[in-house]
Every structure is written in C-alpha cells, then in structure tokens.
Amino acid sequence: MVAAACVLAAGAVAGLGGCAGPLPAAPNSLGMQFVRLPAGEFRMGSDEPAESLARSYPQLPARRFGLLDDEAPVHVVRITRPFEMGRHEVTVGQWRRFLALSGHVPESVADGTGGYGYNAAYDPAGSARGDAFEGRSPRYSWRDPGFPQTEDDPVVNITWGDAMALAQWLSRTEQRRYRLPTEAEWEYACRAGSRGRYGTGDDPANLRGAANLFDADALPPWRERWPDWVPQAAPWHDGFAFTAPVGRFAPNAFGLHDMHGNVWEWTADWYGERYYAESPRDDPTGPPDGEVKVRRGGSWHSWPFYARCSYRNWNSVATRYTLVGMRLVRDVAD
C-alpha cells in the first residue's frame, strides 16, 4: 500500500493544503535530532539552459554550464513513505561518542593513510594532483582536518564506509533502521517544496544567512594560492572561514539546517550519469552498481553554483576529505 503523498508544486511546501507537514521526531542515543518528512511528489533535477545560468553566475567560465547533463531530464519522483531525516549533519561530538561505544576504527586510521587537511604552508602547485588540500597524510583525520572544530561542527574526513558503519551500529543498537538518504530523498528534503535552484529560491544572494559557503570569510587563506577563486567568493561575511557548528544558519521549510553548504553529504546511491532518463517514479535508489557514490549539498569551500539543490557530485567509497561529512535518515516505524 502506497502512503498518500503531498504534491510539491512550484512554491508549495508539504504540510500545506491538507497534507501532513514535517514533524519533530525523538532524538537518538547519540543526541541526533530528527525531523519526520511526509511522503510527497516533486520534480527532481534541472534542465535550466546554460544561457540562463550564465546570466546568474557571470563570474564562472562558460564551459562549466555545459557539464550539467547529469541533472537532466527533470522527472517526477514520488517518495511514497514518510521518513525521518537528521535535522543537522553528524557532528564531531556524535562521531566521537559512536567510536567510543562501538569500537569502530575509521578507515583513515585503519589503513594508515590518513585524510586531507588545510595547511597554510602547503603549495598546491607542488603537489602531484594540484589538490587544494594536503593529503592523504596520517597527519589528518576526523580528529584534525587542519583547522579547529568544536564538538558541534560537522565531522569530516569520513568515508562512505565509515558513514555506513555508523548507520549499521545505530540500527543494531536501537532496533530502528538507520541509513544514508537516497539521492532522491536528499533532493526532496533540500527543496522542501521549492522549485528554485535553492531552498531559498533562485537568487544566490538569498543564501546569505542560510548557508556556510566560500565567502568573504573563507577567502583570505586562498587569495594568494588560488587567485582565480577570488571572483567566486560569495560577497558577504558569514563569520566562518571553515566549518560552522551545525544549526547556526537558518533552516529550510522542512526545518533542516545546512542542506546547502558546511559539508558535502554522502548519499546511499551509486552515481549514474544517465540514470535520470531511466529512473523509476517511485522511490528511486540509483543504479544497482557503480564506481563512485553520490554526495550532495556543497560545503564551506563551495561556490554558490555548486550548492544548488540539483547539483550532483561524487567520490569513491574510500574518499576521506576535509569537505565531506554525512547526515543520516531513520525509517519510520510501522
């Protein structure tokens, strides 16, 4: 039996027009807060013309607008059952408690290769990959991404397997199914009824106060090493050069914080460049296999263009990076 769905039209928010809206859910044993999202229907992806994007993001090279074929075709997706989504990204403190209780050894420690981190003395021009961050190195892990974090900042340098280990441990411990969101669930939650580029609408300026992105506060450490990035910085100060404690920025219409920016979030799905053309309407879960997993949402180091609801990025399951974290979903008990 398929649950009754809220139809999320342009500008509509689940919970209006007779549908049950998002509701707070009980926190879990690690102190994670959840919001119960209703079943619903939405239009996933983007088919916005390159010319339109170029007008809104004039500082970006035009070639970038021709690399978005995987966001199309726009297609109707129906989330047939309600689910509970983490109100925030998983924090350093929650991750620390999980490790102490479970005995899990993060992959960056277990394989001895470490993670990535910010180093003011690091010269990307002298590295083999030209990467913005130093690594992999045992110097860096979830404990130390090269910049200070509080217990309430989102944990980073977490692999897809690490995220799955947390979800599986919580499932066993609490006898409730925890998991990573599907890519469709993630975008549904990010849009929260909006059909704009962001949960805040189409204008990147509306992200001010709603997203921790690459802005005037994040720019100074990169001004010399990446001069081409100077025009890409959002023209405001959000108060954070790196990650921000979760919940510091305004929530979306579903009550979820940091769906844009702070850290990229792992999803459950394998990446398929053409998957949208064959995606089922009901509860799509991505291709059956693949080489890389999808991550969504952008980070403190992302330009606003890459924090759009429809933007898709990916990494291998072994990736641990100073920009990548997670947010969990909990199935609704029958």
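The values are calculated or read from the model by the stated rules, or taken from the named source; none is laboratory data. The structure presented is a predicted model; accordingly, all values stated were derived computationally and were not measured. Note: ideal-geometry Cβ built from the backbone for every residue, glycine included; neighbour counts use all protein chains shown. Note: areas computed on protein heavy atoms with side chains; ligands, DNA, RNA excluded. Shrake-Rupley method; radii C 1.70, N 1.55, O 1.52, S 1.80 Å.
Kindly check whether there is at least one residue in the range 204-220 that is surrounded by fewer than 16 Cβ atoms within 10 Å (Cβ to Cβ) and in a loop (DSSP other than H, G, I, E, B). Checking the range 204-220: at least one residue is surrounded by fewer than 16 Cβ atoms within 10 Å (Cβ to Cβ) and in a loop (DSSP other than H, G, I, E, B).
Candidates in the range 233-268 are the residues that are touching a Lys or Arg at 6+ places or on another chain (Cβ under 7 Å) and open to solvent by 20 Å² or more (accessible area, probe 1.4 Å); of these, the one that is farthest from residue 178 (Cα to Cα) is 257. Of all residues in the range 286-295, one or more are open to solvent by 10 Å² or more (accessible area, probe 1.4 Å), within 27 Å of residue 24 (Cβ to Cβ) and not in a helix (DSSP H, G or I). Among residues that are of a type in the set (Val, Ile, Thr), open to solvent by 30 Å² or more (accessible area, probe 1.4 Å) and either within 22 Å of residue 35 (Cβ to Cβ) or part of a loop (DSSP other than H, G, I, E, B) (or both), residue 230 is not included. The set of residues from the range 220-279 being within 26 Å of residue 162 (Cα to Cα) and charged (D, E, K, R) comprises 248, 258, 265, 269, 273. Against the numbered list (1) in contact with an Asp or Glu (Cβ under 9 Å, 6 or more places away or on another chain); (2) over 25 Å from residue 226 (Cα atoms); (3) open to solvent by less than 30 Å² (accessible area, probe 1.4 Å), residue 157 comes up short only at (2). Scanning the range 169-190 for residues that are within 13 Å of residue 85 (Cβ to Cβ), in a helix (DSSP H, G or I) and open to solvent by 10 Å² or more (accessible area, probe 1.4 Å) yields a total of 1.
Scanning the range 10-46 for residues that are in a loop (DSSP other than H, G, I, E, B), surrounded by 13 or more Cβ atoms within 10 Å (Cβ to Cβ) and modelled with pLDDT under 95 returns 12, 13, 15, 19, 20, 21, 22. Considering each residue of the range 64-87 in turn, at least one proves to be in contact with a helix residue (DSSP H, G or I) (Cβ under 8 Å, 6 or more places away or on another chain), surrounded by fewer than 16 Cβ atoms within 10 Å (Cβ to Cβ) and part of a helix (DSSP H, G or I). Applying the condition of being hydroxyl-bearing (Ser, Thr, Tyr) and part of a loop (DSSP other than H, G, I, E, B) to the range 296-334 and asking which residue is surrounded by the most Cβ atoms within 10 Å (Cβ to Cβ) yields 299. Within the range 199-222, the set of residues being touching a helix residue (DSSP H, G or I) at 6+ places or on another chain (Cβ under 6 Å) and at pLDDT below 95 comprises just one member, 222. Within the range 251-280, track down each residue that is among the aliphatic types (A, V, I, L, M), farther than 16 Å from residue 37 by Cα and part of a loop (DSSP other than H, G, I, E, B). Selection gives 263 alone.
From 129, 136, 96, which residue is surrounded by 15 or more Cβ atoms within 10 Å (Cβ to Cβ) and not in a helix (DSSP H, G or I)?
Unique residue meeting the criteria: 136.
Within the range 78-105, the set of residues being free of Cβ contacts under 8 Å to residues at least 40 places away in the same chain and within 25 Å of the chain's Cα centre (by Cα) comprises 99, 105. Against the list (1) out of contact with any Lys or Arg (no Cβ under 9 Å at 6 or more places or on another chain); (2) touching a residue at least 24 places away in the same chain (Cβ under 8 Å); (3) open to solvent by less than 40 Å² (accessible area, probe 1.4 Å), the condition residue 108 fails is (1). What are the pairs with Cβ atoms under 7 angstrom where one residue, in the range 32-47, is basic (Lys, Arg) and the other, located anywhere, is assigned to a loop (DSSP other than H, G, I, E, B)? Sequence gap at least six, or different chains. If the second residue must be assigned to a loop (DSSP other than H, G, I, E, B), the pairs left are 36/22; 36/82; 36/332; 43/74; 43/195. With respect to (1) of a type in the set (S, T, N, Q); (2) in a loop (DSSP other than H, G, I, E, B); (3) without any contact (Cβ under 8 Å) to a residue 60 or more places away in the chain, the lone exception for residue 149 is condition (3).
Among the residues of the range 114-124, those that are surrounded by fewer than 13 Cβ atoms within 10 Å (Cβ to Cβ) and in contact (Cβ under 8 Å) with a residue 60 or more places away in the chain comprise 120, 123.
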